[in-house]
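Here's the structure we're looking at; comments come further down.
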Amino acid sequence: MGKDQLTHPTPNPELGIRLMAEPEAALSSGSLRLYAMLQNSTTPVGALDLYAYDPLNRRCAVGIMVANNYRRQGIALAMLHQAADIARTTYHLHQLYADVAAPNTASLALFQKAGYTPCGHFAQWLATDDTYTDTIRLQHLLP
């Protein structure tokens, strides 16, 4: 795992979540996957993608997933906080944003708890089987 790691306090501190990138991974390629590991473990419990990197406007999109057995333990929130720290300090980004399916109330609440603010609504944005789902865009302006 590479240099892109920071430790951010988690709601459940004994978890000791850390985000790490593969060696040689760089956001300059357009995207970067960061893996979440628990304290003293090398097995990922989740992943966070920084993608759609826009260096001119200093922003990128965020996608996140946590393994089923590790959900609702504060891991995703810790990952989003660390990603914001990495984006600001390592890549000097101004903002992060995420597109979340409107029915996914758990993800919408998670991003808002992490400091993201709803800023857009895309009607029928995602194809699901034979219907379409709206998407909410949330953005986080980095201090």
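Within 13 Å of LEU50 (Cβ to Cβ) and either aromatic (Phe, Trp, Tyr) or surrounded by 13 or more Cβ atoms within 10 Å (Cβ to Cβ) (or both): is that true of ALA87 in this structure?
So ALA87 fits the description; yes.
Restricting to region 27-48, and then to whatever is within 17 Å of ARG88 (Cβ to Cβ) and touching a strand residue (DSSP E or B) at 6+ places or on another chain (Cβ under 7 Å), can you tell me which residue is surrounded by the most Cβ atoms within 10 Å (Cβ to Cβ)?
LEU34
Under the condition of being within 17 Å of ALA84 (Cβ to Cβ) and among the small types (Gly, Ala, Ser), which residue from region 113-138 is surrounded by the fewest Cβ atoms within 10 Å (Cβ to Cβ)?
Once the filter is applied, the top-ranked residue is GLY115.
Given the criterion out of contact with any helix residue (DSSP H, G or I) (no Cβ under 9 Å at 6 or more places or on another chain) and at positive phi, identify the matching residue among HIS92, HIS81.
HIS92
Select, from LEU110, LEU141, the only residue that is buried (at least 17 other Cβ atoms within 10 Å of the Cβ) and modelled with pLDDT of 95 or more.
After ruling out the rest, the residue left standing is LEU110.
Specify the residue that is modelled with the highest pLDDT; the eligible residues are those in region 71-92 that are assigned to a loop (DSSP other than H, G, I, E, B) and over 14 Å from the mean Cα position of the chain (by Cα).
This residue is HIS92.
Does any residue in region 55-70 that is assigned to a loop (DSSP other than H, G, I, E, B) come within less than 7 Å, Cβ to Cβ, of a residue that is β-branched (Val, Ile, Thr) six or more places away or on a different chain, and which pairs are these?
ALA67/VAL45
Could you grab me the full set of residues in region 22-37 that are in a loop (DSSP other than H, G, I, E, B) and under 20 Å from ASN57 (Cα atoms)?
Selection gives ALA26, GLY30, SER31.
Name every residue in region 6-36 that is at pLDDT below 90 and under 21 Å from SER107 (Cα atoms), in order of residue number.
The answer is HIS8, PRO9, THR10, PRO11, ASN12, LEU15, ILE17, ARG18, LEU19.
Enumerate the pairs (first residue in region 74-94 and aromatic (Phe, Trp, Tyr); second residue anywhere and at pLDDT 90 or above) with beta-carbon separation below 9 Å, excluding pairs fewer than 6 apart on the same chain, so at least 6 apart or on different chains.
TYR91/LEU32; TYR91/LEU50; TYR91/TYR53; TYR91/PRO55; TYR91/ARG58; TYR91/CYS60
The values are calculated or read from the model by the stated rules, or taken from the named source; none is laboratory data. Please read these numbers as outputs of a predicted model, since none were measured by experiment. Heads up, the Cβs are rebuilt from the backbone with ideal geometry, glycines too, and the neighbour counts pull from every protein chain shown.
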